[in-house]
Amino acid sequence: MGFDPEAPAFDLTAIREKLANTTGRTYWRSLEEVAETPEFRDFLEAEFPAAAESIATSLDRRQFLKLMGASLAMAGLGACTKQPLEKILPYAKQPEELVPGNPIFFATAYPLGGGAAPILVESHMGRPTKIEGNPEHPASLGATSAMTQASVLDLYDPDRSQVLLRAGEIRPWADFATAVADVMTKLGPIKGRGLRILSEPLVSPTLAAAIGKLLADLPEARWHQWEPLGRESVREGARLAFDRIVEPRYDFAKADVILSLESDFLFDGPGQVRYARDFSARRKASSPSASLNRLYVVESAPSVTGSKADHRLALRASEISGFARALAAELGINLDKPAGLAGRAGWVSAVAKDLLANKGRALVLAGPSQPADVHSLCHAINERLANAGQTVVYTMPVEESAPTPKDGLDTLAADMAGGKVSALFILGVNPVYSAAVDLEFTAALTKVPFTAHLSQQQDETSLRTLWHIPATHYLESWGDARAYDGTVTIQQPLIEPLYQGKSALEVISLLRGTSTGSDYDRVRDYWKSAVSVPDFEVFWRRSVHDGFIAGSERPALDIAVRPDFFVYLAQLPATDRDAGELEVVFRADPTIHDGRFANNGWLQETPKPWTRLTWDNAAMISPALAEKRKLSDGDVVELQVGNRKITAPVWTTPGQPEQTVTLHLGYGRTRAGHVGTGVGFSAYALRTVKNQWIASGVKMRATGVHYPLATTQTHHNMEGRELFRTADIATYAARPNFAQEPDNREMVEGHPEHEVPSMYPDWKYEGNAWGMTIDLSACIGCNACLVACQSENNIAVVGKEQVLRGREMHWIRIDRYFEGDLDNPAVYNQPIPCMQCEKAPCEVVCPVNATNHSSEGLNDMTYNRCVGTRYCANNCPYKVRRFNFYLFQDWDTESLKGQRNPDVTVRSRGVMEKCNYCVQRISSARIKSRKEDRDVRDGEVVTACQQACPSDAIVFGNINDKRSRVAATKADPRNYALLAELGTKPRTTYLAAITNPNPELVADAKATNQAAEKGGQL
Amino acid sequence: MDSAPVQSRQRPYKPPVLGRGQTFDTVTDQISSVVDRTQQPRAWWIGFGIGFVLLNLLLVCVSCLFAWGTGIWGVNNPVGWAFAIINFVWWIGIGHAGTLISAILLLLRQDWRTSINRFAEAMTLFAVACAGIFPIIHTGRPWVAYWLLPYPGTMMVWPNFRSPLVWDVFAVSTYATVSALFWFVGLIPDLATLRDRAENPIAARIYGTFALGWRGSVRHWHRYETAYLLLAGLSTPLVISVHSIVSFDFAVGVIPGWHATIFPPYFVAGAIYAGFAMVLTIAIPLRRMYDIKDYITGQHLDYMARVMLATGLMVCYGYLTEAFFALYSANLFEQYMIQNRMFGPYTSIYWLLILCNGISIQALWFERVRRSPVFLFIICMFVNVGMWLERFVIVVTSLHRDFMPSSWFMYYPTIWDIGTFVGTLGLFITLLFLFIRFLPMISMFEMRTLVPAAEVKEEH
């Protein structure tokens, strides 16, 4: 070991970096490994001269270990929580409203993409622990998405950037301020030429105004708004149809017939939570006479919305434009119809007929992955069908200053490469990772003399900019944000910045030379000048408290499709792409989105809709293609577009169009953190400016390599078991009790269902008897409940290796079954929490009484008592019990402790756990009701899954109270118990799913699908 | 009361179960010489060495298990039990032959049991010891496994008496206690012999201590015989009860493939089947190693093979019944369970089981096979494997696909699963070889009663 005593000073950054580039288990192994590096020895010498000497001279490993062991042990001792030696004082005056043990909720907003999620945040003694939707806010109505739920974990992410860096070295904020002042001094006289700001499309009025002022001061400076999953085509489509950029806003409550052209409106995009609520409200057929909506989905990649469709047509992405034109022609819009419609003619005409029959109550919409033409066509169709103003209204864009094509990332990259940019401030986005690959953004970045990147993590972009500024989490800073409908929320912080984070507002203020004052003042001042109210203080307090500014939504515009648009349409030739070749479509990952959640363990471990994959993306291919190319799940293929190649494992996905490969973006991060670095492959490597969403002419070649993919569900067939019960509306009308006709009647011959004989007497419930129903008509399978449960109940993340071994810990899971045609199956999503059986098989077999029946009918788990025989889990017919095979909980990472719900035990190794209907919430409601000497009110206890559910599918309450909502849903004719024939008498029951297919298409469906198989073209 | 354990009265012809020319002296000399001799044969050292190495493997596996957690095994969410429980049931099953031979065959006056009962009982104890490890180490928190015992703790929490695992605790601990007592009581006269023959004063002292002052007086013999019979009577129901209760672990569950009324008798037959296979697996090499073919004769092999054939057929009947009732029940889950066993992902295990337990023993219909040590040994190995596979089929294939197809998952053992199992084989082998070395593996005093000179002519 060539130790050089005259080696230069140690490089802590290098060590840190080396450690940061390792993941998971190897982390610890690499600690030993770094000990072998010169850097470490240098560091050691500085810190522990004696140890370094011994390692250098005698190389006495034993002594070295002894020394290190002692210091580590000391460090460990020092870390124990003890009261300080100095005299400390308890609260003399308790802060107002703060009662130890009682959480407080604050309204704020989570800015994500093109619209903020309005939320309430639960705070325990100053620690934000859980996100809930803001029930007062029209964009939430109390619900949230899975990503919003998971965003609280990002606050406590131990990999968050904590310090300001210049070229990798720690610097104080003042240094950065000086550097910025220098730059701005130079830029001032030339009106800011060369100054560029890159941000996401901003929905924050204050921040946008601040940037606007900066641009006003420096007219030559430019602001580029960009996000990898941008909605350019939506804006461009509106511009084509209306000659101006407007935002379509849908009202699914009014829509009877919906046609989605690749729009995943239930799951993706700023309005998803509200849309899901409105849509699902029209699916709950509590009686056969209910008026259900009907959903047609035409899409090239399996989506959550697609899984809810009454009729789903799997088309290649490039064919959807042709489909839209054919439909428009059928609806009487004069345009050039594409040839080769043969196979799908029946579909198009049936849909057209249905839409025409529901004029004013229909809706046609397209997703951002479809080109602008399709969007504009949708606008035209909606106008023709008199839907505009009814099911869809047009408003000003949600963004304060709508991004324009000339200020896109491509112009920025071109200017950077051309040396026209002298100072670049990147706020939040990560273009080095996610920019279109042909922009060569990384190379262009080297041409910019001054670069600064504000981000919560030291990501790929931070590594390549001169300055890295740690960003505050949204729960740490003041701000404001518009929701999908424009309603503004004042974003209030719940906690002081944990580290030296700065907000975008602070950075922009620094640029403007107005760095004095706080974000609070800036936001407040902005609104003081923006609104005219008699008493601003009242307005402010109310807005902050309520979590939104009443009446701030974007009003509907009175606009019409420009008349010459139809002329334009008629002239536009129908372009048929070569339908034979393989196509790749890019999609946001359903859990980690564009990659921003790559380091979020909750989302990484959330099973993705359709595939139930965790911890990886895959090249999703159709069963037909897999068969043709002899590929099986996990086989690695090389995908080539032009001269760019990536390798990816394939995943056979029923419902995928045959000649289409779906790639989810967001994976393959090289600097995400311990959780997300090196997970999956980056589909961005194939994504170019031109092929943002669709890349044609793809070559796929098997490599012969196999890569294990971790899925939580390996069997997709119900095997004839009546677990998910469903019927179309006609069957429902004919047999309203169809769901209660059990298939396995033989087993309980002579006993009506629920009356299977038992050795043990029935339980008696004097007071409350908790129960739950899950409406399968409403459930969209979006995973919000799953992440909410994880957040509420301190559920551990186990990692890919453990998921591969079948040890995920989710207390509520979404079972997904396929039925019917392999190429375009019906998809059934069924959330499975604990059934809380009356005659629970688990309770009988536990040898130590660790799982018991409570007086209110729950199967309680006593973790302390559990010895871990796993007998209960074996005997659970629903397989909802989860075992801590290892110490899955992170008991060591300090920052993660802050997130934990103090009302829920953090489980240890070797004990069983499972859903308990959020018993902590039941207890707190019970305590409150007893103090007030009353019964627990209906709706007072809301379980975490129920609260998060965007589609309001979960109802919970006291079934002894006959007036409760849950009692009403249990009386629904669709109500049925899972595996009732076993006599378990579950407390959780399901409401069967009712579909509303178009009778004309039902007969036609088989023929259509067969045609799809053969031709693969319209 | 008839005091002699064997031989009296007129009865049909019984083939001799002791070699010709044996006298009181030769019996005692030959049997005790194994213990007396200072140098053991090389085979002993090899056998003990293998056992000891594997025992250390067990220690490593269990240490790692305690340090890291149950996760080192292949168990997962649908398959909560696997190797540990399979091994537990397998070992407990093996343990049944000892008690059966000692107690039931004693009461039935099968004098051929005399030459095999001692080591069969020892084997039982060691098998129970191996079995007893698993219920403890398979728990997630083995350091609190004692909570399964009913003891008046300050928390006033008792075990759940509805749980078959608690019944297991009683069944297995009772069984272990009675078996140990029975074995020890049976050893007392021989311990006295060893005490008297020992040249090493320390050995004489130790044997003497455990001989409890045995002098061979008539009063001693009288009380001894009474005690032995009483213990035999006490053990007899245990042969039936222990494995019945072990089978309740499964039968009480709701899982298809577990929830079956046939389990208790089917398990007991399987246990005896496995037990005799293991007795033969040990006896056949032993009689060669120590040249004791006069004591364990071809006749013994024949008898034991017959028991195996009979119980083996019962077990096969159990397999048929399971399949029949699955079909006859018209129950979707039961039908799927059988179909999955036969043709699911673990199909090879099932058919291997049928081969081992059902087909291989058909050779035992032939006397030549029954009396051929080589053939018999091979068949016994098949049965040993087959009975292990049977438990694999019951435990793993039932659990891995039960009611909810969404939760179906495969189970694959890890090296730790295999290491722990092989490690208990090491424990078993080690204990067995120590037993052979330090205690008479055949009951000397009982063998002496088989010597022609001991025959009592009845007077009429």
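So that you can scan it fast, the table gives a plain yes or no per residue for (1) surrounded by 24 or more Cβ atoms within 10 Å (Cβ to Cβ); (2) modelled with pLDDT under 90:
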{"residue": "A:Asp564", "(1), (2)": "no, yes"}
{"residue": "A:Thr591", "(1), (2)": "yes, no"}
{"residue": "A:Arg596", "(1), (2)": "yes, no"}
{"residue": "A:Leu603", "(1), (2)": "yes, no"}
{"residue": "A:Leu613", "(1), (2)": "yes, no"}
{"residue": "A:Ser622", "(1), (2)": "yes, no"}
{"residue": "A:Glu638", "(1), (2)": "no, no"}
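Counting only helices (runs of 4 or more DSSP H) that sit completely within segment A:833-904, those holding 2 or more residues that are within 9 Å of chain B (Cβ to nearest Cβ) and surrounded by 19 or more Cβ atoms within 10 Å (Cβ to Cβ) correspond to A:841-845, A:871-875. Exactly one residue out of A:Val544, A:Val507, A:Val561, A:Val538 is aliphatic (A, V, I, L, M), farther than 25 Å from A:Gly113 by Cα, part of a helix (DSSP H, G or I) and out of contact with any Phe, Trp or Tyr (no Cβ under 6 Å at 6 or more places or on another chain), and it is A:Val538.
Look through A:Thr688, A:Thr731 and report the one residue that is out of contact with any Ser or Thr (no Cβ under 9 Å at 6 or more places or on another chain), free of Cβ contacts under 8 Å to residues at least 24 places away in the same chain, surrounded by fewer than 17 Cβ atoms within 10 Å (Cβ to Cβ) and over 20 Å from A:Pro590 (Cα atoms). If you could, list the steps in order and put the result at the bottom.
Working: A:Thr688 fails: free of Cβ contacts under 8 Å to residues at least 24 places away in the same chain.
Criteria check complete, one pass: A:Thr731.
Filtering segment A:949-987 down to residues that are within 14 Å of chain B (Cβ to nearest Cβ) and touching a Cys at 6+ places or on another chain (Cβ under 7 Å), which residue is nearest to A:Lys914 (Cα to Cα)? Reasoning before the result, please.
Residues of segment A:949-987 that are within 14 Å of chain B (Cβ to nearest Cβ), as a first pass: A:977-986.
If we keep only those that are touching a Cys at 6+ places or on another chain (Cβ under 7 Å) too, we end up with A:984-986.
Numbers: A:Thr984: 17, A:Lys985: 18, A:Pro986: 15 Å.
Filtering first and then ranking leaves A:Pro986.
Whether any residue in segment A:668-685 is modelled with pLDDT under 90 and within 14 Å of another protein chain (Cβ to nearest Cβ) is what I want to check. Scanning segment A:668-685, I find no residue that is modelled with pLDDT under 90 and within 14 Å of another protein chain (Cβ to nearest Cβ), so the answer is no. Within the option set A:Ala380, A:Ala443, being surrounded by fewer than 19 Cβ atoms within 10 Å (Cβ to Cβ) and among the hydrophobic types (A, V, I, L, M, F, W, C) holds for one residue only, A:Ala443.
Determine whether B:Ile272 is away from every other protein chain (no Cβ under 14 Å), under 24 Å from the mean Cα position of the chain (by Cα) and not in a helix (DSSP H, G or I). Spelling it out, it is not the case that B:Ile272 is away from every other protein chain (no Cβ under 14 Å), under 24 Å from the mean Cα position of the chain (by Cα) and not in a helix (DSSP H, G or I).
Report yes if some residue within segment A:921-931 is more than 12 Å from chain B (Cβ to nearest Cβ) and either within 26 Å of the chain's Cα centre (by Cα) or at pLDDT below 90 (or both); otherwise report no.
Filtering segment A:921-931 down to residues more than 12 Å from chain B (Cβ to nearest Cβ) leaves A:921-931.
After this cut, where a residue has to be either within 26 Å of the chain's Cα centre (by Cα) or at pLDDT below 90 (or both) as well, the list is A:921.
Checked against the condition, which is being more than 12 Å from chain B (Cβ to nearest Cβ) and either within 26 Å of the chain's Cα centre (by Cα) or at pLDDT below 90 (or both), segment A:921-931 yields at least one hit.
When A:Ser289 is tested against (1) surrounded by fewer than 22 Cβ atoms within 10 Å (Cβ to Cβ); (2) part of a helix (DSSP H, G or I), only condition (2) is not met.
Limited to segment B:303-335, what total is found for residues that are within 14 Å of another protein chain (Cβ to nearest Cβ) and assigned to a helix (DSSP H, G or I)? Total satisfying the criteria: 9.
Only residues that are more than 14 Å from every other protein chain (Cβ to nearest Cβ) and either over 13 Å from A:Leu663 (Cα atoms) or part of a strand (DSSP E or B) (or both) were counted in segment A:692-714, giving 15.
Would you confirm, using the coordinates I've provided, whether B:Ile338 is crowded, with 16+ Cβ neighbours inside 10 Å and within 14 Å of another protein chain (Cβ to nearest Cβ)? Break it down into steps so the answer makes sense when it comes.
On the way: crowded, with 16+ Cβ neighbours inside 10 Å: yes; within 14 Å of another protein chain (Cβ to nearest Cβ): yes.
Criteria met by B:Ile338.
Annotation note: of B:Tyr290, B:Tyr350, the sole residue that is surrounded by 18 or more Cβ atoms within 10 Å (Cβ to Cβ), in contact with a helix residue (DSSP H, G or I) (Cβ under 6 Å, 6 or more places away or on another chain) and closer than 27 Å to B:Met441 by Cβ is B:Tyr290.
Hey, does segment A:730-746 have a residue that's over 16 Å from A:Tyr976 (Cα atoms), modelled with pLDDT of 90 or more and within 14 Å of chain B (Cβ to nearest Cβ)? Among the residues of segment A:730-746, not one is over 16 Å from A:Tyr976 (Cα atoms), modelled with pLDDT of 90 or more and within 14 Å of chain B (Cβ to nearest Cβ), which makes the answer no.
Each residue in segment A:457-489 was checked for being assigned to a loop (DSSP other than H, G, I, E, B) and not aromatic (Phe, Trp, Tyr), and 14 of them qualify.
Of the listed requirements (1) surrounded by fewer than 22 Cβ atoms within 10 Å (Cβ to Cβ); (2) closer than 28 Å to A:Asp890 by Cβ; (3) within 11 Å of another protein chain (Cβ to nearest Cβ), A:His810 misses just one: (1). Is it fair to say B:Leu432 is within 14 Å of chain A (Cβ to nearest Cβ) and either more than 18 Å from B:Ile137 (Cβ to Cβ) or free of Cβ contacts under 8 Å to residues at least 12 places away in the same chain (or both)? Taking the combined requirement at face value, the residue does not satisfy it. Residue pairs whose Cβ atoms lie under 6 Å apart, sitting 6 or more positions apart in sequence or on different chains, and linking a residue in segment A:786-798 that is on the phi > 0 side of the Ramachandran plot and touching a residue at least 40 places away in the same chain (Cβ under 8 Å) to a partner that is hydrophobic (A, V, I, L, M, F, W, C) and in a loop (DSSP other than H, G, I, E, B), are A:Asn794/A:Val904; A:Asn794/A:Val906. Listed by first and then second residue, the pairs with beta-carbon distance under 7 Å, at least 6 apart or on different chains, first residue in segment B:104-132 and without any contact (Cβ under 8 Å) to a residue 60 or more places away in the chain and within 26 Å of B:Ser173 (Cβ to Cβ), second outside any helix (DSSP H, G or I) and of a type outside the set (Ser, Thr, Tyr), are B:Val128/B:Gly95; B:Ala131/B:Gly95.
Of all residues in segment A:209-267, those being part of a loop (DSSP other than H, G, I, E, B) and touching a residue at least 40 places away in the same chain (Cβ under 8 Å) number 21.
Is it fair to say A:Pro590 is in contact with a Gly (Cβ under 7 Å, 6 or more places away or on another chain) and in contact (Cβ under 8 Å) with a residue 40 or more places away in the chain? Full working, then the answer.
Values: in contact with a Gly (Cβ under 7 Å, 6 or more places away or on another chain): no; in contact (Cβ under 8 Å) with a residue 40 or more places away in the chain: yes.
It is false that A:Pro590 is in contact with a Gly (Cβ under 7 Å, 6 or more places away or on another chain) and in contact (Cβ under 8 Å) with a residue 40 or more places away in the chain.
Before we move on, is A:Tyr917 part of a strand (DSSP E or B) and either of a type in the set (Phe, Trp, Tyr) or within 13 Å of another protein chain (Cβ to nearest Cβ) (or both)? Don't jump to the end; show me each part of the working.
Numbers: part of a strand (DSSP E or B): no; either of a type in the set (Phe, Trp, Tyr) or within 13 Å of another protein chain (Cβ to nearest Cβ) (or both): yes.
Considered against the rule, which asks whether it is part of a strand (DSSP E or B) and either of a type in the set (Phe, Trp, Tyr) or within 13 Å of another protein chain (Cβ to nearest Cβ) (or both), A:Tyr917 comes out as no.
Of all the residues in segment B:201-226, those that are surrounded by 15 or more Cβ atoms within 10 Å (Cβ to Cβ) and part of a helix (DSSP H, G or I) number 11.
For segment A:920-951: of the residues being in a helix (DSSP H, G or I) and in contact with a strand residue (DSSP E or B) (Cβ under 9 Å, 6 or more places away or on another chain), which is surrounded by the most Cβ atoms within 10 Å (Cβ to Cβ)?
In the first step, residues of segment A:920-951 are kept if they are in a helix (DSSP H, G or I); the result is A:920-931, A:944-948.
So of that shortlist, the ones also in contact with a strand residue (DSSP E or B) (Cβ under 9 Å, 6 or more places away or on another chain) come out as A:922, A:944-948.
Values: A:Ile922: 22, A:Ala944: 29, A:Cys945: 27, A:Gln946: 26, A:Gln947: 25, A:Ala948: 31.
This residue is A:Ala948.
The values are calculated or read from the model by the stated rules, or taken from the named source; none is laboratory data. Predicted model only: the values in this text are computed from it and were never measured. Heads up, the Cβs are rebuilt from the backbone with ideal geometry, glycines too, and the neighbour counts pull from every protein chain shown.
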